[in-house]
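The values are calculated or read from the model by the stated rules, or taken from the named source; none is laboratory data. Quick caveat: nothing in here was measured; it's all calculated off a predicted structure. Here Cβ is always computed from backbone atoms with ideal geometry, including for glycine, and neighbour counts include all displayed protein chains.
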């Protein structure tokens with residue numbers, strides 16, 4: 001019998017093996033090429049992000065310098081009204097161009113540096129209501145200004161106080177472990193100070209609509225109906241540890257709940273704050289009524305400032321962000337960073 005058929009069969013198998021080997025090698029080469037390309041892109045992005053982060057850090061330091069500079073200028077005035085120095089520019093004794101000051105009012109400021117551009121904003125945390133120090137009477141006023149009925153005011157106020165105190169005893173309308181463990185899914189209350197404002201979302205009675213202001217799909221509808229949309233998360237701060245509220249930099253949302261929920265009063269206070277700060281302070285205290293609440297409202301230079309910076313390199317696509325909570329000494333002699341953040345919380 002001739003061996004030829006066997007040899008032809010073996011040659012066919014060998015051809016198939018060679019084709020499979022080429023296919024495997026092609027897949028391996030393609031995967032290796034893709035992996036090398038991904039590594040190159042990742043390396044480029046990392047280098048770009050590192051450079052952008054340095055630019056963002058420069059913007060953050062520029063904001064801190066701005067705060068220290070205007071504070072020093074105010075102290076040099078040696079005047080009882082020295083804190084009323086213009087928040088826009090600070091003149092220089094040598095006749096050079098005035099220094100542009102960035103006020104801690106949440107406004108974004110942009111500038112170029114080191115082959116990139118940064119945007120930075122400052123927010124005076126002292127102008128917000130201190131979540132870990134706010135008293136019961138102030139909480140009730142806040143929720144009354146937001147339009148909650150008496151039962152809801154009692155429930156949420158007691159629940160907040162129960163959440164942050166260290167004991168396990170529930171207040172009359174509050175909630176402790178037995179309530180929260182009965183939820184689905186269950187969780188335990190903090191029984192300690194709030195570490196972030198968004199912890200309020202875990203407190204009994206705090207809804208998404210109350211914390212964020214309203215359902216995003218219904219905000220325009222509410223505004224058209226004349227309803228005031230105040231996000232609860234925007235008026236509190238865990239970084240304000242003084243127990244006081246700085247009216248000098250308090251945002252409109254805070255003034256709204258302090259003044260009793262009247263838009264006209266907020267506009268009057270804000271206008272008066274620009275012209276006669278002492279008169280504005282007096283007016284707001286009159287609106288508060290109770291002496292215990294009045295003494296919590298002050299007018300002073302910011303000392304606890306949240307700074308957020310973001311940056312991109314020229315022609316770059318990667319954005320770097322960082323934030324910090326900065327404590328500024330009263331005499332403007334020094335500052336220190338109490339907390340670093342990748343970015344500031346939403347509120």
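Just a few scattered comments:
- Residues in the range 326-340 that are surrounded by fewer than 19 Cβ atoms within 10 Å (Cβ to Cβ) and modelled with pLDDT of 85 or more: 327, 335, 336, 337, 338, 339, 340.
- The single condition from (1) part of a helix (DSSP H, G or I); (2) over 27 Å from residue 264 (Cα atoms); (3) out of contact with any strand residue (DSSP E or B) (no Cβ under 9 Å at 6 or more places or on another chain) that residue 189 fails is (1).
- Taking first residues from the range 19-35 that are at negative phi and at pLDDT 80 or above and partners that are surrounded by fewer than 10 Cβ atoms within 10 Å (Cβ to Cβ) and not in a helix (DSSP H, G or I), no Cβ contact under 9 Å between residues at least 6 apart in sequence or on separate chains turns up.
- Residues of the range 161-186 satisfying the condition of being part of a loop (DSSP other than H, G, I, E, B), farther than 22 Å from residue 238 by Cβ and out of contact with any helix residue (DSSP H, G or I) (no Cβ under 9 Å at 6 or more places or on another chain): 181, 182, 183, 184, 185
- Residue identified as surrounded by 13 or more Cβ atoms within 10 Å (Cβ to Cβ), over 27 Å from residue 137 (Cα atoms), touching a helix residue (DSSP H, G or I) at 6+ places or on another chain (Cβ under 7 Å) and touching a residue at least 60 places away in the same chain (Cβ under 8 Å) among 320, 301, 259: 320
- Flag set for residue 197, criterion: more than 27 Å from residue 271 (Cα to Cα) and either touching a helix residue (DSSP H, G or I) at 6+ places or on another chain (Cβ under 8 Å) or at pLDDT 90 or above (or both).
- In the range 140-153, the residues that are surrounded by fewer than 16 Cβ atoms within 10 Å (Cβ to Cβ) form Cβ pairs under 8 Å with partners that are in a loop (DSSP other than H, G, I, E, B), at six or more places apart or across chains, as follows: 147/228; 147/261; 151/173.
- Test: residue 209 is in a helix (DSSP H, G or I), on the phi < 0 side of the Ramachandran plot and modelled with pLDDT under 70: no
- Verdict on residue 307 being over 25 Å from residue 271 (Cβ atoms), surrounded by fewer than 20 Cβ atoms within 10 Å (Cβ to Cβ), in contact (Cβ under 8 Å) with a residue 24 or more places away in the chain and touching a helix residue (DSSP H, G or I) at 6+ places or on another chain (Cβ under 6 Å): no
- Of everything listed in (1) surrounded by fewer than 16 Cβ atoms within 10 Å (Cβ to Cβ); (2) modelled with pLDDT of 75 or more; (3) more than 23 Å from the chain's Cα centre (by Cα); (4) more than 30 Å from residue 292 (Cβ to Cβ), the single unmet condition for residue 116 is (1).
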